[in-house]
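Visitor: One structure coming up, written as structure tokens, with questions to follow.
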Amino acid sequence: FKPSDREQARAALGLPSGTPLVLFASGSVQDPRKGFAYLREAVASLRARLPELGVVLVGKVPQGFDTTLAVPTHCLGQLSDKSKLVAAYTASDALVVPSLEDNLPNTIMEALACGTPAVGFPTGGIPEMIDHRNNGYLTEEASAEALATGIEWVLRQGATLGQNARLKVMNHYTQAKVVERYATLYASLV
């Protein structure tokens, strides 16, 4: 997972060029713990302020589950091909994680590694990954209004957020960094 050309990633996935896109990724889009309902309400409130906004959905969408949003929605389904998953992160301007229950979501780490900032609720390990207004936006509460504020804020920032996102992963989540922390922990226990 690393940054690449956004427009090439969009072309490869058949996504529109030159429009702001946010990504919602979940094993199952309908899982209420992942907060799709908050995303639905947030983008509806953003439609007037960000009329070109679009949403990219990655994950299982059960037949009959309504993915209709107030903005154009691009359903990519489940992506088992790593290169397509990397393209989805790269093609998006932000990853949106309105999870109500989560631990240390791989989606955030993968997005940050691709240089894509994240917007999320202060749930589980999410606050450890999103440094508020540095590599994304961490809401103070789990609400659609707070999520909309975070999405809008991230989309109005420049490339610095993406650079900071990548730095977060390189400084905290590479294999070498994790091994170093474990070695330090083990040495302190011996």
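The values are calculated or read from the model by the stated rules, or taken from the named source; none is laboratory data. Here the structure is a predicted model, which means the values were calculated and not measured. Here the Cβ positions follow ideal geometry from the backbone for every residue, glycine too, while neighbour counts run over all protein chains shown. When the accessible area is computed, the model is the full protein with side chains, heavy atoms only, and any ligands, DNA or RNA have been set aside. Shrake-Rupley method; radii C 1.70, N 1.55, O 1.52, S 1.80 Å.
Visitor: Given the structure, is residue 128 open to solvent by 60 Å² or more (accessible area, probe 1.4 Å), within 19 Å of residue 148 (Cβ to Cβ) and either modelled with pLDDT of 95 or more or under 15 Å from the mean Cα position of the chain (by Cα) (or both)? Walk me through it before giving the result.
Guide: Working: open to solvent by 60 Å² or more (accessible area, probe 1.4 Å): yes; within 19 Å of residue 148 (Cβ to Cβ): no; either modelled with pLDDT of 95 or more or under 15 Å from the mean Cα position of the chain (by Cα) (or both): yes.
Criteria not met by residue 128.
Visitor: Just name the residue that is least open to solvent (accessible area, probe 1.4 Å) out of those in region 6-60 that are part of a loop (DSSP other than H, G, I, E, B) and under 15 Å from residue 84 (Cβ atoms). Show your work before the answer.
Guide: Step one: filter region 6-60 for residues part of a loop (DSSP other than H, G, I, E, B), giving 14-20, 29-31, 35, 47-53.
Add one more test, that the residue is under 15 Å from residue 84 (Cβ atoms), and what stays is 14-15.
Numbers: 14: 64, 15: 16 Å².
In this case the residue turns out to be 15.
Visitor: I'm trying to understand the selection: among the residues of region 157-183, which are surrounded by fewer than 16 Cβ atoms within 10 Å (Cβ to Cβ) and of a type in the set (Val, Ile, Thr)?
Guide: Of everything in region 157-183, those that are surrounded by fewer than 16 Cβ atoms within 10 Å (Cβ to Cβ) and of a type in the set (Val, Ile, Thr) turn out to be 160, 174, 178, 179.
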